[in-house]
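Accompanying notes for the structure given below.
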Amino acid sequence: MRHRYRCNFTFALVIIVVSSAYFSCHTEPKTIILRKAETKAAADVIVRKEVRSVAFGSCAQAEKPMPVLDVTIQQKPDLFVWLGDNVYGDTQEISTLQKAYQTLGNNPFFQRLDSATRLLATWDDHDYGWNDAGRHYPLKEASKEVFLDFWGDARDAPRRNREGIYTSYLFDGGKQDVHVILLDTRTFRDNLVRSQSIILEGSQSFTYMADYEPQRNPDSTLLGSDQWRWLKKQLAVEADFRIIASSTQFGIEWNGYESWANFPRQQEKMLRLLAEAERQKPTPTVFITGDVHYAEISKVSGLNGMDVYDITASGITSTWDFATRNGNRIAGPVMENNVGILHLGRPGMAKVSAEIWDASGQLRVEHSVLP
Ligand SMILES: [Fe+2]
């Protein structure tokens, strides 16, 4: 997995040169062009590649066959975003994680996908290194090195030089600019609050015990202050489409398991930032998430009348017995192995549409997310 990176500095230089040439023969106000160049330069990695479709998935046991990846290849996505639990390497020994990644790298299904399209990745708990772990996981720095080496980050990639693995890419090689933000929901996350015997009902009348309750401490954080500051700048990057990738689900109703709903103030903060960004420059924005071992689409009401969509695709090999309650669900659940695909700016179609494909090649969900 060696990918091509170009740093912001190079990009900024190119923009300055191109802008200068442009000003000499065009009448578009300087300030507008300069502002666009400046905001683009805030993206961590700029890639000259046209992106019209983005596939995504999560929760892969490295030693297992992954036929849903072959289904994905047939759809010819321009990108594939690994949303976490990309391996199951739960451990207090870093060599266990390394071996899990080696196994994934040797998996022929993975290799075919890697040859077919560009891969991006963030992590969730099991590839971070421990079930439901947050900022206190003791191997987080070593785990980060293993992660970045496996996913082929350049030696000078911005996320190698700061804490955590959050990053962003701006694909500007075609008629539309696509901005992909990968969040890190592990490195900075405060401890979860254990639930005191709350019983909930899921699909098919399954009852289950909630693991966690929503945080009541107003200072508790999921992303941490550095990542929030960075994210605010990212939301000002001018693009035609924005995708925010989070390992855990953003837009679901609280269900007693891990999700943003355990940090209601952080969820509100995100909605506030999205509304501010929308006021500055409206940009079609959707979340893609994983983790739960089934697929669904959720819609949450944002501020200023915005609808915020969260498309969950999980798992590549994992399955679960039931889907939890989710009053925000508008499509799914799909309980079989699955991947998601977003189509961006398809002529004559919705601006953003989402699909969920299963491992037998069936299109299980097709939904216009943004008209
Ligand atoms: Fe997970």
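The values are calculated or read from the model by the stated rules, or taken from the named source; none is laboratory data. All figures in this text were calculated on a predicted structure; none of them were measured in a lab. Positions of Cβ are backbone-derived with ideal geometry, glycine not excepted, and every protein chain shown enters the neighbour counts.
Taking the stated definitions as given, is Asp172 surrounded by 20 or more Cβ atoms within 10 Å (Cβ to Cβ), more than 15 Å from the ligand (Cβ to nearest atom) and either at pLDDT below 95 or among the acidic types (Asp, Glu) (or both)? Show your work before the answer.
Working: surrounded by 20 or more Cβ atoms within 10 Å (Cβ to Cβ): yes; more than 15 Å from the ligand (Cβ to nearest atom): yes; either at pLDDT below 95 or among the acidic types (Asp, Glu) (or both): yes.
Judged against the criteria, Asp172 is a match.
Counting only residues that are out of contact with any strand residue (DSSP E or B) (no Cβ under 9 Å at 6 or more places or on another chain) and free of Cβ contacts under 8 Å to residues at least 60 places away in the same chain, which one in the stretch 224-237 is surrounded by the fewest Cβ atoms within 10 Å (Cβ to Cβ)? If you could, list the steps in order and put the result at the bottom.
Taking the stretch 224-237 and keeping what is out of contact with any strand residue (DSSP E or B) (no Cβ under 9 Å at 6 or more places or on another chain), we get 224-229, 232-233, 236.
If we keep only those that are free of Cβ contacts under 8 Å to residues at least 60 places away in the same chain as well, we get 225, 228-229, 232.
Numbers: Ser225: 9, Trp228: 16, Arg229: 11, Lys232: 14.
Going through the qualifying residues, I end up with Ser225.
Can you report the number of residues in the stretch 220-277 which are within 16 Å of the ligand (Cβ to nearest atom) and farther than 29 Å from Asn161 by Cβ?
The initial filter retains those residues of the stretch 220-277 that are within 16 Å of the ligand (Cβ to nearest atom), namely 222, 245-250, 252, 255-263.
If we keep only those that are farther than 29 Å from Asn161 by Cβ as well, we get 249, 252, 255-257, 259, 261-262.
The number of residues fulfilling the criteria is 8.
How many of the residues making up the stretch 344-369 are more than 21 Å from Phe109 (Cα to Cα) and either in a loop (DSSP other than H, G, I, E, B) or over 18 Å from the mean Cα position of the chain (by Cα) (or both)?
12
Could you count how many residues in the stretch 317-339 are part of a loop (DSSP other than H, G, I, E, B) and not basic (Lys, Arg)? Don't jump to the end; show me each part of the working.
The initial filter retains those residues of the stretch 317-339 that are part of a loop (DSSP other than H, G, I, E, B), namely 317-328, 335-337.
Within this subset, residues satisfying the condition of being not basic (Lys, Arg) are 317-324, 326-328, 335-337.
Matching residues across the stretch 317-339 total 14.
Mind checking which residues of the stretch 29-87 are modelled with pLDDT of 95 or more and of a type in the set (S, T, N, Q)?
Ser53, Ser58, Gln61, Thr72, Gln74, Gln75, Asn86
Working only within the stretch 77-132, note down all residues that are over 17 Å from the mean Cα position of the chain (by Cα) and of a type in the set (D, E, K, R).
Once the filter is applied, which keeps residues that are over 17 Å from the mean Cα position of the chain (by Cα) and of a type in the set (D, E, K, R), the stretch 77-132 yields Asp90, Glu93, Lys99, Arg112, Asp114, Asp132.
Could you please find all residues in the stretch 308-340 being among the acidic types (Asp, Glu) and at pLDDT 95 or above? Spell out how you get there, then give the answer.
Here is the first cut: in the stretch 308-340, the residues among the acidic types (Asp, Glu) are 310, 321, 336.
Answer for the stretch 308-340, where residues must be among the acidic types (Asp, Glu) and at pLDDT 95 or above: Asp310, Glu336.
Name the pairs whose Cβ atoms lie under 8 Å apart, with the first residue in the stretch 93-115 and free of Cβ contacts under 8 Å to residues at least 12 places away in the same chain, the second in a helix (DSSP H, G or I), and 6 or more positions between them or separate chains?
Sorted first by the residue in the stretch 93-115, then by its partner, the pairs are Gln111/Gly105.
Out of the residues in the stretch 158-169 meeting the condition of being assigned to a helix (DSSP H, G or I) and under 18 Å from the mean Cα position of the chain (by Cα), tell me which one is surrounded by the fewest Cβ atoms within 10 Å (Cβ to Cβ).
If we filter the stretch 158-169 for residues that are assigned to a helix (DSSP H, G or I), which is where we start, we get 158-161.
With under 18 Å from the mean Cα position of the chain (by Cα) added as a condition, the list becomes 158-159.
Values: Pro158: 18, Arg159: 20.
Looking at the filtered set, the residue picked out is Pro158.
Could you tell me which of the residues Phe150, Phe80, Phe109 is in contact with an Asp or Glu (Cβ under 8 Å, 6 or more places away or on another chain) and not small (Gly, Ala, Ser)?
Testing whether each residue is in contact with an Asp or Glu (Cβ under 8 Å, 6 or more places away or on another chain) and not small (Gly, Ala, Ser) leaves just Phe109.
So, in the stretch 290-316, of the ones that are in a loop (DSSP other than H, G, I, E, B) and more than 16 Å from the ligand (Cβ to nearest atom), which residue ends up surrounded by the fewest Cβ atoms within 10 Å (Cβ to Cβ)? Give the derivation first.
Quick first cut of the stretch 290-316, residues in a loop (DSSP other than H, G, I, E, B) only: 290-294, 302, 306, 313-316.
Filter again for more than 16 Å from the ligand (Cβ to nearest atom), leaving 302, 306.
On the way: Gly302: 19, Met306: 14.
Going through the qualifying residues, I end up with Met306.
For the stretch 56-138, which fully contained helices (runs of 4 or more DSSP H) count at least 1 residues that are in contact with a Ser or Thr (Cβ under 9 Å, 6 or more places away or on another chain) and within 16 Å of the ligand (Cβ to nearest atom)? It would help to see each step written out before you state the result.
Values: elements: 67-74, 94-106, 108-116, 125-128.
Result: 94-106, 125-128.
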